[in-house]
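Structure first, commentary second.
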């Protein structure tokens, strides 16, 4: 089960290009950087900025569009395709609510009674710069599924298509626990995501952690397609997660295992037994304080 859980998330988490501080060396093509010579002799042009390390050179200089203090009139459309983790069947009739980032229990949802269509697609129109999460629930008379949060990172500033969100039957949790040799605790949640580098590619060598972690909190990573508790960082797939995360608003951090450098953080909501999906990518320094 773990093999398919994380592999599917790899495709369900939208890779996003980062914006880089405009004060950096500007360029249009690689040659604009390299003609400067010196440390720029092998530099590359990434997002109009010269970087000597295309994979991680943006860390510390990432800039995202500022989220306005009040909702803007512009709208964006998000589409999520929901499927059964084990069978791959598309799930029509799944319900969803739209929740603000600072509304941990979704007491004041901005949209309710949303449903996925016959193709399993949940289509939602949002205010531009939406910063929050979706609650997603699904069940049939024969099968119950784990309640799911999809937490957006970064905020949604343009139309976004997320082609695969796997919903997990409760019967699959035992299989997942057996593969990790660890059972999910009923009073904890699980966070699953994919790490990206500055180029928007799946990132190898990233360690995930959660604030308020204890001896029950268990980071895990995919190793050649198998989830492992004894792995210490993402492999080339960038796939990993944290099991038995304390519930509430949690700060998930990503660091380069080789240097300890913090690449980014994301604030997510976790709930007992729920699964929270998100992304780990280079984030602005203002988010990391």
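The values are calculated or read from the model by the stated rules, or taken from the named source; none is laboratory data. Note that the coordinates shown come from a computational prediction; the quantities given were computed from them, not determined experimentally. Virtual Cβ from ideal backbone geometry, glycine too; neighbours counted across all protein chains shown.
There is at least one residue in segment 11-30 that is in contact with a helix residue (DSSP H, G or I) (Cβ under 8 Å, 6 or more places away or on another chain) and modelled with pLDDT of 85 or more. Within segment 79-102, the set of residues being closer than 24 Å to residue 168 by Cα, over 17 Å from the mean Cα position of the chain (by Cα) and assigned to a loop (DSSP other than H, G, I, E, B) comprises 85, 86, 87, 88, 89, 91, 92, 93, 94. Each residue in segment 38-53 was checked for being at pLDDT below 80 and more than 13 Å from residue 26 (Cα to Cα), and 4 of them qualify. Taking the criterion of being within 21 Å of residue 176 (Cβ to Cβ) and either in contact with a helix residue (DSSP H, G or I) (Cβ under 6 Å, 6 or more places away or on another chain) or in a loop (DSSP other than H, G, I, E, B) (or both), the residues of segment 189-208 that qualify are 192, 194. Scanning segment 161-190 for residues that are surrounded by fewer than 17 Cβ atoms within 10 Å (Cβ to Cβ), touching a strand residue (DSSP E or B) at 6+ places or on another chain (Cβ under 8 Å) and farther than 24 Å from residue 246 by Cβ returns 161, 163. Of all residues in segment 215-225, at least one satisfies being under 16 Å from residue 251 (Cβ atoms), in a loop (DSSP other than H, G, I, E, B) and touching a strand residue (DSSP E or B) at 6+ places or on another chain (Cβ under 7 Å). Taken over segment 55-78, the criterion of being part of a loop (DSSP other than H, G, I, E, B), buried (at least 17 other Cβ atoms within 10 Å of the Cβ) and either free of Cβ contacts under 8 Å to residues at least 60 places away in the same chain or in contact with a strand residue (DSSP E or B) (Cβ under 6 Å, 6 or more places away or on another chain) (or both) is satisfied by 57, 58, 59, 61. With respect to residue 126, determine if the residue is closer than 16 Å to residue 94 by Cα, under 19 Å from the mean Cα position of the chain (by Cα) and surrounded by 19 or more Cβ atoms within 10 Å (Cβ to Cβ). Judged against the criteria, residue 126 is not a match.
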